[in-house]
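Data block below; observations after.
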Amino acid sequence: MKILVFAENWDGIFKKSSFEAISYSRELAEQNNYELITLCFNNVSQEELNKLSKYGSSTVFTTNPIDKVDSISMSKLISDLTIQHDIKLFIFSSTYSSKMFAPRLSAKLNSSIFTNVVELPSSLNPLKLKKKVFSSKAFEIAKSSSEKNIIMLHPNSYGVKEFSSNLQSSEFTAESKSEIEIINIEKSSGKVNLSEADIVVSAGRGMKGPENWELIEELANCLNAATACSKPVSDIGWRPHSEHVGQTGKTVAPNLYFAIGISGAIQHLAGVNSSKVMVAINTDPEASFFKAAHYGIVGDAFNVVPKLIEEIKNIKN
Amino acid sequence: MKIAVCISCVPDTTSKINFTENNTEFNKDGIQFIINPNDEFGLTKAIFIKEQNQAEVTVISVGESSIEPVLRKALAIGADSAVRIDNKAKDSICVAKNLSSYLAENKFDLIIMGKESADYNGGVVHGIIAENIGMQFVNACVGLEISDDSFIIEREMEGGTEKVKIKSPVIIAGQKGLVEEKDLKIPNMRGIMQARTKPLNVLESENFDFIQSIEFSKPSENKECVFIDKENVAELVKILNEKEKVI
């Protein structure tokens, strides 16, 4: 049997989520003697392509450029490849573009689709998977009744595992005649991507005002972390909506999550409680975040955070 | 213009999540159901468009009769009519296929829904419908404007946003940003009175067997929080570095 993993790139660069999807697929292929095919689109250099072989990609198909927003062309490309290679199982990381083309693909192939998957399948026939539901407040084990299946991984759940292999790439030509006109793209440059960050520094109303976020950004910088915020902070416009983590914002699962001046409403905790280690800093010893956190400091962020930055710089040097 | 808003009825975001029947069913006891927050941004956007461009807004949901109060609320907010497709809504493919049948028969210029529901977080219903009825589709929308026979749509993506122009008809999946939280419509008394007489049609559904739920579980509770003195930040850094190995 053949399985397909999509190695997404951003301006020619693969990210951790691409390697995580390959690691997951390689393990699945090894355990069950499946043949693994990796799909990669747009212009990626040979040097960048070689990185995929460190995580277990061997047969790689590269294609001509397609706009990521064009879910019609993206799903058609994969479905064409599926027909040629009789693929039964698809592994995608949950990214903005896969969330557009994967459901389309499932409708095309009449397959089942599982999102927010956190583990390897516990059974293959029938396919049984564990996934996050209720915004990380619970897990569900679900079973497929379809011959073809799509697995979408929750970022930072499986992890990246090295597996060296020999890479052989060949080209696959995709049709792309998009009816979508791209007007402009705005990039927030130099920022660590929140969904796949290893460390997230998040702050709430305890920061008192948007001008005080320099402190949060400095802490994030010295940890190579992404910045995030609570819902009230994005609602009042101190920070962009894209930084809001919690039930109605983004769900994150970093190795380390700092909650600074965040009281810890149930909706916020839902979005972050899969983090491996959570540290809360709050002036209020009764803040509910302390009930969820692994480590806590009762104190004023304006005193504690500068010390934290200093100590982290010490150990980094 | 005809606008369809597909909504999902979900437990209030403050709900404690528990399971019953040997962890195979969500325990609805004492749970208040609301319009899925991502869908509510979409509904409000549709009402704004109606106020500015004279649109007709239909809300559609797949569910049992218990969801009707939530549909009435959508009517009170300003939708013109509601449709309930009578089904247990067990999985997203079943929901998507039932919505697809309705949306293929009844033509709309714009179909709006939330990017995902707050309960099962599938986030696939919109894309499946788009494919089934052959429409363009944009996910994670944070902006929508009308420009003649096209829509200017702003979507969130990794590390930024992208603005695209697409000819009508289109499906968009929205989230916060499509309208601001403070602009969400709250039903007023006049709206609530009018909602009582607005049409709420109930349609039959089909069942599809793609995915079956087997069992639910809850994440294990954390151990007690270890408190570190605010004068001893170095100790926290040491723990994170040496014991937890996360920095």
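Every number here is computed from the coordinates shown, using simple stated rules; none is lab data. Just so we're clear, the structure is a prediction, and the values are computed from it rather than from any experiment. No Cβ is skipped: glycine too gets one built from the backbone with ideal geometry, and neighbour counts run over all protein chains shown.
Suppose every Lys and Arg Cβ carries +1 and every Asp and Glu Cβ carries -1, with no other charges. What dipole size does the range B:2-215 come out with about its Cα centre, to the nearest 20 debye?
On the way: 23 positive and 32 negative charges, 132 e Å.
It works out to roughly 640 debye.
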Worksheet entry | Translational diffusion coefficient (Stokes-Einstein; Kirkwood radius from C-alpha pairs) of the range A:179-317 at 37 °C, 0.692 mPa s, in µm²/s | 216 µm²/s
Worksheet entry | Hydrodynamic radius of the range B:58-134 per Kirkwood, over alpha carbon pairs, in Å | 13.0 Å
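Taking the range A:194-316, how many lysine pairs are there with alpha carbons less than 16 Å apart, if each pair must be eight or more places apart or span two chains?
Values: A:208/A:231; A:231/A:250; A:276/A:291; A:307/A:316.
So the count works out to 4.
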Worksheet entry | Amide H partners (placed H, <5 Å) of residue B:168, local residues excluded | B:150, B:151
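Across peptide B:205-211, what mean number of C-beta atoms from other chains lies inside 10 Å of a residue's C-beta? Let's see the in-between values first.
On the way: counts 0, 0, 0, 1, 3, 10, 12.
Mean partner shielding for this stretch: 4.
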Item to complete: Two decimals is fine: what is log10 I(q)/I(0) at q = 0.12, 0.15, 0.18 Å⁻¹ for the range B:120-247, from a Debye sum with one equal scatterer on every Cα and no solvent?
Response: -0.90, -1.04, -1.14
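Apply 1/(1 + (r/R0)^6) to the Cβ-Cβ distance of residue A:291 and residue B:21, taking R0 = 30 Å, and write down the FRET efficiency to the nearest 0.05.
0.55
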Worksheet item: With no solvent and one point per C-alpha, what does the Debye sum give as log10 I(q)/I(0) for the protein assembly as shown at q = 0.07, 0.08, 0.09 Å⁻¹?
Response: -0.40, -0.53, -0.68
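Rounded to the nearest 5, what is the percent of antiparallel bridges among the DSSP beta bridges in the range A:24-138? Before the final figure, lay out each step's value.
Working: 4 of 9 bridges.
Taking every DSSP beta bridge within the range A:24-138, about 45 percent pair in antiparallel fashion.
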Response to the item:
Per the charge dipole of the range B:1-142 (beta-carbon charges, Lys/Arg positive, Asp/Glu negative, Cα centre), the residue among B:140, B:65, B:11 reaching farthest to the positive end is B:140
Fill in: Relative pair counts by distance (%), Cα atoms of the range B:1-99, 10 Å bins
15, 44, 30, 9, 2, 0
Fill in: Rounded Å value of the spacing that divides the Cα centres of the range B:123-138 and the range A:205-254
32 Å
Response to the item:
Checking A:228, A:301, A:253 against a Gaussian network model of chain A (alpha-carbon springs below 10 Å), the top fluctuating residue turns out to be A:301
Discussion item. Loop-only trypsin sites (Lys or Arg not before Pro) in the range B:97-169, please: DSSP not H, G, I, E or B, and at most 14 other Cβ atoms within 10 Å.
Written reply: B:107
Fill in: chain A - share of DSSP beta bridges that are antiparallel (%, nearest 5)
20 percent
Discussion item. Which residue fluctuates most in the GNM of chain B (Cα springs below 10 Å): B:119, B:229, B:39?
Written reply: B:229
Response to the item:
Karplus ³J(HN,Hα) for the range A:301-317 (6.51 cos²θ - 1.76 cosθ + 1.60, θ = phi - 60°; Hz, whole; x = Gly/Pro) runs 3, 5, 9, 6, 4, x, 5, 4, 4, 4, 5, 5, 4, 4, 6, 5, 7
Response to the item:
Using the Cα gyration tensor of the range A:52-201, the equivalent ellipsoid's semi-axes, largest first and to the nearest Å, work out to 24, 22, 18
Worksheet item: Restricting attention to the range A:97-196, which trypsin sites (Lys or Arg not before Pro) occupy a DSSP loop and are surrounded by at most 10 other Cβ atoms within 10 Å?
Response: A:177
Worksheet entry | Lysine pairs meeting the criterion (Cα under 24 Å, 8 or more apart or interchain), as found in the range A:79-160 | 29
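Regarding the range B:2-215, what whole-number volume in Å³ per residue does the convex hull of its Cα atoms give? Could you put the intermediate results ahead of the total?
Numbers: hull volume 28.9 nm³, N = 214.
Dividing the Cα hull volume of the range B:2-215 by its residue count gives 135 Å³.
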Worksheet item: With r defined as the distance between the Cβ atoms of residue A:218 and residue A:162 and R0 fixed at 45 Å, what FRET efficiency is calculated, to the nearest 0.05?
Response: 0.85
Fill in: Equivalent-ellipsoid semi-axes of chain A, from the Cα gyration tensor, Å, largest first
38, 21, 19
Worksheet item: Given charges of +1 on the Cβ of Lys and Arg and -1 on the Cβ of Asp and Glu, with all other atoms neutral, how large is the dipole of the protein assembly as shown about its Cα centre, in debye to the nearest 20?
Response: 540 debye
Worksheet item: For chain A, modelled as a GNM with alpha-carbon contacts under 10 angstrom, which of A:279, A:118, A:298 fluctuates the most?
Response: A:298
Discussion item. Bins of 10 Å, beginning at zero and ending with the bin holding the largest distance: percent of Cα pairs per bin for the range A:200-256, please.
Written reply: 25, 57, 17
Worksheet entry | Where the Cα pairs of the range A:32-108 fall when distances are cut into 10 Å bins, in % | 16, 50, 32, 2
Item to complete: Using label points projected 7 Å from each Cα along Cα→Cβ, tell me how many nm separate residue B:186 and residue B:198, to one decimal.
Response: 1.8 nm
Item to complete: Multiply the residue gap between residue B:52 and residue B:235 by 0.36 nm, knock off their C-alpha separation, and tell me the result in nm, one decimal place.
Response: 60.0 nm
Practice prompt. Distance between Cα centroids, the range A:28-43 to the range A:64-132: provide it in whole Å.
Written response: 13 Å
